[in-house]
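The structure appears right after this line, and notes come after that.
The values are calculated or read from the model by the stated rules, or taken from the named source; none is laboratory data. Since this is a predicted model, take the numbers as computed values, not measurements. Ligands, DNA and RNA are stripped out before the accessible areas are found, and what is left, the full protein with its side chains, is counted by its heavy atoms. Shrake-Rupley method; radii C 1.70, N 1.55, O 1.52, S 1.80 Å.
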Amino acid sequence: MAVESNTPGLVLTSPGGATFRFDPGALCLELLVTGGPDAFARYETLHTPADLADWTRRSRLTPTPALSVTEDELADVRRTRDALWRTVLAHTGGEPPATGDLTLLNEAAARPPLIPAIGPDGARRWAGPADGHRLLSTVTRDAVDLLTGPWSHRVRMCAADNCQLVYVDTSRPGRRRWCSMERCGNRHKVRTLRARRGEGVPGTE
């Protein structure tokens with residue numbers, strides 16, 4: 001799915017061309033919408049270093065770091081993102097993550113991250129170099145914090161049968177079921193209403 005915007009959340013475009021707003025609730029989960037392993041490969045958007053720089057502009061990173069990314073760093077980002085996908089899917093399914101995937105994530109998190117600082121004007125900025133590895137370290141550290149922290153039990157997959165978007169439910173009641181009320185939530189409402197009216201239900205037409 002293509003990423004378009006991030007305030008609040010990302011604006012995604014479905015394969016059918018419809019746009020909807022999606023807030024995954026965490027930086028690391030925002031990276032997952034750029035593609036992934038296996039069936040997610042068809043959604044790949046990180047084809048060039050410029051694509052990764054564009055993703056940072058659309059992510060919740062504030063301010064946008066002035067990235068300098070090499071092809072090798074981009075390949076590391078895609079490889080580690082795929083490991084994160086598999087780890088998150090294992091987490092939501094109550095399964096242990098693969099050792100190799102954890103190794104990739106932990107190695108990325110162990111590298112120096114982007115360093116936040118206060119600028120002369122009092123605004124937030126990034127100090128030092130901003131390359132692909134520092135960006136990846138920042139994202140994977142966010143993943144470590146999420147998957148081992150107090151919100152880990154709130155990491156969920158959209159309840160729709162045909163949607164695999166993953167989010168952390170940061171709502172106070174903790175009852176979020178859908179990736180977006182604009183998309184899957186609304187579809188569920190429409191199906192429920194039609195079922196109550198007897199529209200499109202087997203045996204009622």
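With a 1.4 Å probe and all protein chains left in place, how much accessible area per residue does the range 10-113 have, in Å²? Don't skip to the answer; put the middle values down first.
Working: 4640 Å² over 104 residues.
Here the per-residue accessible area is 45 Å².
Using amide H atoms built 1.01 Å from N in the peptide plane, name the residues 5+ places from ASP23, or on other chains, whose amide H lies under 5 Å from its own.
Amide H to amide H, under 5 Å and 5 or more residues apart or across chains, ASP23 pairs with LEU10.
Would you please report the Å³ per residue occupied by the convex hull of the alpha carbon atoms in the range 73-156? Don't jump to the answer; show the numbers that get you there.
Numbers: hull volume 8.5 nm³, N = 84.
Output value, Cα hull per residue: 102 Å³.
For the range 50-183, with all protein chains present and a 1.4 Å probe, just round the carbon and sulfur fraction of the accessible area to a whole percent.
Working: 3680 of 7100 Å².
It is 52 percent, rounded to a whole number.
Can you list, bin by bin at 10 Å, the percent of alpha carbon pairs in the range 19-100, starting at 0?
With a bin width of 10 Å, the distribution comes to 17, 48, 30, 6.
Pop out the ³J(HN,Hα) list for the range 137-146 in order, Karplus 6.51 cos²θ - 1.76 cosθ + 1.60 with θ = phi - 60°, rounded to Hz; leave Gly and Pro as x.
These are the phi-based 3J(HN,Hα) values: 4, 4, 5, 6, 5, 5, 5, 4, 4, 5 Hz.
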